[in-house]
1. In the stretch 87-137, which residue that is touching a residue at least 40 places away in the same chain (Cβ under 8 Å) and of a type in the set (Ser, Thr, Tyr) is farthest from GLN315 (Cα to Cα)?
2. Within the stretch 350-370, track down each residue that is free of Cβ contacts under 8 Å to residues at least 60 places away in the same chain and either hydrophobic (A, V, I, L, M, F, W, C) or open to solvent by 10 Å² or more (accessible area, probe 1.4 Å) (or both).
3. What is the residue count in the stretch 329-381 for residues that are part of a strand (DSSP E or B) and on the phi > 0 side of the Ramachandran plot?
4. Output the residues belonging to the stretch 379-393 that are over 18 Å from ASN352 (Cα atoms) and open to solvent by less than 70 Å² (accessible area, probe 1.4 Å).
5. For the stretch 169-270, which fully contained strands (runs of 3 or more DSSP E) count at least 1 residues that are closer than 30 Å to ARG56 by Cα and not aromatic (Phe, Trp, Tyr)?
6. Return the only residue of ALA331, ALA301 being hydrophobic (A, V, I, L, M, F, W, C) and over 30 Å from LEU97 (Cβ atoms).
7. I'd like the full set of residues that are part of a helix (DSSP H, G or I) and either of a type in the set (S, T, N, Q) or at pLDDT below 95 (or both), limited to the stretch 382-391.
Amino acid sequence: MMILLPLVFLVVLHHTPVTLLQFYYHNNQQIKEYLFEVNTANPHITHLYSIGQSVRGQELWVLALGVSPGRHTVGVPEFKYVGNMHGNEVLGRVLLLHLIEDLVEGYRNNETWSLQLLNSTRIHIMPTMNPDGFDSSDTDCMYSQGRFNHNGIDLNRNFPDAFAGQAFDEDKREAEVQAMIGWLQTETFVLSANLHGGALVASYPYDNSNGGSELINGASVSPDDDVFVHLAKVYSYNHASMYKGNRCTESRPFLDGITNGYKWYALTGGMQDYNYVWAQCLEVTLEISCCKFPPVSELPAMWTDNRKALLSYIQQVHLGVKGRVFDSKGAPVQNAVVEVVGRRNICPFKTNQYGEYYRLLLPGNYTFTVTYPGHEVLTETLTVPYGPDNYSALKHDFLLHKTTTTHQPFSTTQYHVTCNTDLNAGAVSVRRERTGLAVGLGLVMVASYVGK
């Protein structure tokens, strides 16, 4: 759902300059006012919209930034940052507001780094996914209330889970989760990060496992594990201290400041796994502060600690290869399956409504297979360079040839997952054969205090 700015508000603020953002914890109304003000002052590079409402009816605002902020542009990858999923983990709210200010001011001042990012990327920033939880939170460092939404549900345990056999059932999904799922069905997000607190580490998929072949040496390893490790290290090593891996007394040491989510502790119904499995968006969970509600006096230093990492991570959306798939008549096709040999995803990556595909890959040689009904299976090997330095992944289109044999798209049998037929529409369902894996209640309780 998209909500447009009220006309009266636009008239009042049309010539109002953006106020210099101060370091404090803006409440939900103040965040809304700031986003409106930024959007009104910078309509050429920002677009403000809501993806839905919280349980208590508060809008879930998103500010998109880019040279075409109001709509997708073919060839321009979509990126998102989401903050405050747990209402009492609040540093993300502050950092994302300051990131908005930084990007906008950089663009207005013709600074190269901002021009390059906004000219090549559409960046979506949601300062708070759980405004209701924030309203009920207090300022205790680790044991504060406000983690859950207004219904007392942990939003990072409420998504469908391919490993846990959770079918997509809207009646069992919280309003905030439904809004997020709907958002993922309307935008072709390529890369994402979810900002949390309570630890200092970059955690990557998988968060869960059913004890199958993905379970290796205590980690639940995805087909794109090398890319996830790279992404996590990009953030940790561009952060002032995360890469050191031992900065918080309440959590274990983390080599290089990163961890496989499952190896840290198992998590069912998490958002990052849902992004990756069903929305083909690679998402990392960023634990950005040892204290969930840091003192206001520490906020300027924490922004300085995270600024370079936040910007560097966005730039990684240009890893790998991107392009379009065309049928035998030269028309772009939706739902063509684009696979990388050796990377058998639970749900195959498919082209969107514009015939686009995006695959985040490290430099190297990769063999692609492209499958579309009524056409021959196309196999091509590509040499992929490192794209982020040039703010563009390798561009390569696939041209299909018609055949009399209909090839069925790939479907996995290992997890018994029913994937979306359309990338940007429809529901999903999942079932699996149980293998006896269970997460103890005590472990779940620990999770509520140390992150994720």
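The values are calculated or read from the model by the stated rules, or taken from the named source; none is laboratory data. None of the values given here were measured: they were computed from a predicted structure. Note that each Cβ is placed from the backbone with ideal geometry, even for glycine, and that neighbours are counted across all protein chains shown. Ligands, DNA and RNA are excluded from the accessible area calculation, which covers all protein heavy atoms including side chains. Shrake-Rupley method; radii C 1.70, N 1.55, O 1.52, S 1.80 Å.
1. The extreme case among them is SER136.
2. PRO363, GLY364, ASN365, TYR366, THR367, PHE368, THR369, VAL370
3. Here the count works out to 1.
4. GLU380, LEU382, VAL384, PRO385, GLY387, PRO388, TYR391, SER392
5. Counting at least 1 such residues, we get 189-196, 199-204.
6. Residue meeting the stated conditions: ALA331.
7. Hit for the stretch 382-391 is ASN390, nothing else.
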